[in-house]
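Only the coordinates and a few stated rules stand behind these numbers; no lab work does. A quick note: this is a predicted structure, and the numbers were derived from the prediction, not measured. Cβ placement follows ideal geometry from the backbone for every residue including glycine, while neighbour counts extend to all protein chains displayed.
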Amino acid sequence: MAAEKKGAKQSEEDEAAAAAATAATETKKKRKKLLVIIGGGFLLVAISIGATVAVIKLLAPKKAPGEATTTSSEASVGAESSVAAKASESVEPAMPIIYLALKPNFTVNYDVNGRQRFLQAELTVMYRDEAVLKILELHMPAVRNGLVLLLSSQTFDDLQTVEGKEKLRTAALKIVQNILIKEQLEAPEKSEKPKKALPNIEQILFTNFVMQ
């Protein structure tokens, strides 16, 4: 009797285990199907997006042959070129050089160890603004006076060297430039501060320099 009960109980347990295994198998199958359905849904969405993009590209207007494609780098280069062009337009072109010899030549005497020596020099001014000529002619007495005083203050031996001549030329340039600026600023029409640089000379050249 006890053996029969034990056998019946064992049979029930086996059936319960078999039912649980069957249920687990069914659950796994359902999960697999659900995953397949979800994966298929994502695939359809991706295919739909790809097809939409392809259709948009096909329907987009095509550029005519030879039409240039503007990139960001080309746009940057174009902007820089435009700025450079405007800058070049704002810079005034250099005016031609004008030379004017200061006549008559300058003659200065020197006492060298009790012996009379002299210098005869021809000075030429270089400028670009035509307005300089009128200013030079008006103030020529002041210009010549400044140059004579400068030449007279030199040492005869120093003027025989290249360095001495170059120093004299530089000093003469400063004297003439200062005289012209001073006279222009003191003129009645120039009583107010000028908005741009006043006309002036650029160089003084020795076109003749004789020492005896």
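Before moving on, here are some points about what is shown:
- Exposure proxy ranking, count of Cβ atoms within 10 Å, fewest first, for Tyr99, Tyr127, Tyr110: Tyr99, Tyr110, Tyr127
- Order of Thr155, Thr124 under a 10 Å beta carbon neighbour criterion, fewest first: Thr155, Thr124
- Extension gain (nm, one decimal) between Met211 and Glu166, 0.36 nm per residue minus Cα-Cα: 14.7 nm
- For the stretch 86-159: Kirkwood Rh in Å [reciprocal of mean 1/r, alpha carbons]: 15.1
- Summing +1 for each Lys or Arg and -1 for each Asp or Glu among the other residues whose beta-carbon sits under 14 angstrom from that of Val112 gives -1.
- Cα coordinate range in the stretch 98-211, projected on the principal axes (Å, largest first): 52, 24, 24
- Per-residue HN-Hα couplings for the stretch 113-126 [Karplus 6.51, -1.76, 1.60; θ = phi - 60°; Hz; x = Gly/Pro]: 6, x, 10, 7, 10, 9, 10, 10, 10, 10, 9, 10, 9, 10
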